[in-house]
Amino acid sequence: MSLLEVKNLKVHFPVKQGLFSRVKGHVKAVDDVSLRIEPGETLGLVGESGCGKTTLGRAIIRLIEPTAGSVLFDGEDISKLTGSELRSRRRKFQMIFQDPYNSLNPRMTVEQIIGEAIDIHRLAENPAARRKRILELLEAVGLNSSHAQRYPHEFSGGQRQRIGIARALAVEPQLIVCDEPVSALDVSVQAQIINLLQDLQRQRGIAFLFIAHDLAVVEHISHRVMVMYLGKAVEVAEAKELIRNPRHPYTEALLSAVPEVDPASKRKRILLPGDVPSPISPPSGCPFHPRCPYAQPVCKTDVPPLREISPGHRSACHFAEEVGGEKLMAGTSGIQKPA
């Protein structure tokens, strides 16, 4: 049984206008997304800003209420829980936030920040056991005991993110949602945090939902990757398979933007026309068709299902078999590769 199974999750925000705040439409931030995460696995979630990645992550752990769908954690539907029932389950799933500067209370010491969750869930028998647990957590994330009495403003960005990781680990969760945890950090510090998360996963068997926009980072840390566009999942595959053999035009465009280490590389940059459509009034048919260089008439009318192209590799594209392959280069099915 999967640790986490999300089925047909939707998060729609009402758009209100006028004197009486009448609802004029809905922002479809997450629109019918399903996914699963196995124990000890990392699922990478990628896409450009505004595609619904963070909203999906927050809806899964009930920081945002889903509009429809179900979230099964260890077989239990946590989307239906409220009050004390939900609070008791929260120790199983935690979140590491994107901004290490604003996610920590500046009026609390590091010991108070980490100890707060321990107190709420009553995980220490006495003050001595509580302090011992906090110091062990600081050591686990690469900090030392002298940091316990300091305040967040006394630390660098990388150190603050380590504190955030220690806070998430305090309740011994089975799943941690990482919301772009390295995007605000220097490149050298990013590598340190990524390596720390991988070490913690090996030691503790934690599963991660790793949200990012950098495919190079996601490839390094993830076992599988899901690509989102305009609130929908458009491709899911094992990390190496998705990088080597993308089967959706949007994934192909994202990969073309990743900087190449080899200066002799001949990979061409794919520039998508226009902007991301409004989630209030998404396009008919395939949501990517207004920007897709391979769009055909069927793409404007029929929504492509997220179907399996090869074992473990799914794509929401009518022409997924041709995308990125030799048939596409040859112009099969009337599709032409952009110059």
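The values are calculated or read from the model by the stated rules, or taken from the named source; none is laboratory data. Worth saying up front: this structure is predicted, and the values here are computed from it rather than measured. Here the Cβ is made from the backbone with ideal geometry for all residues, glycine too, and neighbour counts use every protein chain on show.
Every residue, every condition in (1) surrounded by fewer than 18 Cβ atoms within 10 Å (Cβ to Cβ); (2) closer than 15 Å to I176 by Cα; (3) out of contact with any helix residue (DSSP H, G or I) (no Cβ under 7 Å at 6 or more places or on another chain), yes or no:
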site: L9; (1), (2), (3): no, no, no
site: Q17; (1), (2), (3): yes, no, yes
site: K28; (1), (2), (3): no, no, yes
site: S34; (1), (2), (3): yes, no, yes
site: G57; (1), (2), (3): no, yes, yes
site: F93; (1), (2), (3): no, yes, yes
**Item:** Cross-chain or 6+ apart pairs with Cβ under 6 Å, region 124-135 first and under 16 Å from E172 (Cα atoms), then of a type outside the set (D, E, K, R) and exposed (fewer than 12 other Cβ atoms within 10 Å of the Cβ)
**Value:** none
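Limited to region 176-199, what total is found for residues that are farther than 16 Å from Q159 by Cβ and either at pLDDT 95 or above or within 17 Å of the chain's Cα centre (by Cα) (or both)? Can you show your working first?
The initial filter retains those residues of region 176-199 that are farther than 16 Å from Q159 by Cβ, namely 176-180, 183, 187, 198-199.
Adding the requirement that they be either at pLDDT 95 or above or within 17 Å of the chain's Cα centre (by Cα) (or both) leaves 176-180, 183, 198-199.
Of the residues in region 176-199, 8 are farther than 16 Å from Q159 by Cβ and either at pLDDT 95 or above or within 17 Å of the chain's Cα centre (by Cα) (or both).
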**Message:** Cβ-Cβ distance below 8 Å, separation of 6 or more or different chains: which pairs start in region 1-21 with a residue that is among the small types (G, A, S) and end on one that is crowded, with 17+ Cβ neighbours inside 10 Å?
**Reply:** S2/I37; S2/L72
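Would you confirm, using the coordinates I've provided, whether G158 is out of contact with any Ser or Thr (no Cβ under 7 Å at 6 or more places or on another chain) and either among the aromatic types (F, W, Y) or farther than 21 Å from R36 by Cβ (or both)?
Yes, satisfied.
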**Item:** Matching entry among I206, I243, I309, I221 (being over 21 Å from the mean Cα position of the chain (by Cα) and of a type in the set (A, V, I, L, M))
**Value:** I309
**Fill in**
Of all helices (runs of 4 or more DSSP H) fully inside region 141-257, the set with 1 or more residues that are polar (S, T, N, Q), surrounded by 24 or more Cβ atoms within 10 Å (Cβ to Cβ) and touching a residue at least 12 places away in the same chain (Cβ under 8 Å) is 157-169, 249-256
**Asked** Which condition breaks for V227 when tested against (1) in the same structural domain as K10 (by TED's automatic domain parsing); (2) within 19 Å of I60 (Cβ to Cβ)?
**Response** (1)
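Of the residues that make up region 265-283, is at least one assigned to a loop (DSSP other than H, G, I, E, B), under 30 Å from M1 (Cα atoms) and β-branched (V, I, T)?
no
Here are L86, L123, L81, L138: which of them is touching a His at 6+ places or on another chain (Cβ under 9 Å), hydrophobic (A, V, I, L, M, F, W, C), surrounded by 13 or more Cβ atoms within 10 Å (Cβ to Cβ) and on the phi < 0 side of the Ramachandran plot? It would help to see each step written out before you state the result.
Values: L86 fails: touching a His at 6+ places or on another chain (Cβ under 9 Å); L123 fails: touching a His at 6+ places or on another chain (Cβ under 9 Å); L81 fails: touching a His at 6+ places or on another chain (Cβ under 9 Å).
After applying the criteria, what remains is L138.
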**Request:** Provide a single number: the residues in region 120-137 that are part of a helix (DSSP H, G or I), under 20 Å from Q94 (Cα atoms) and either out of contact with any Asp or Glu (no Cβ under 9 Å at 6 or more places or on another chain) or charged (D, E, K, R) (or both).
**Result:** 5
**Asked** Do you know which residues across region 1-38 are closer than 17 Å to F93 by Cα and of a type in the set (D, E)?
**Response** E5, E38
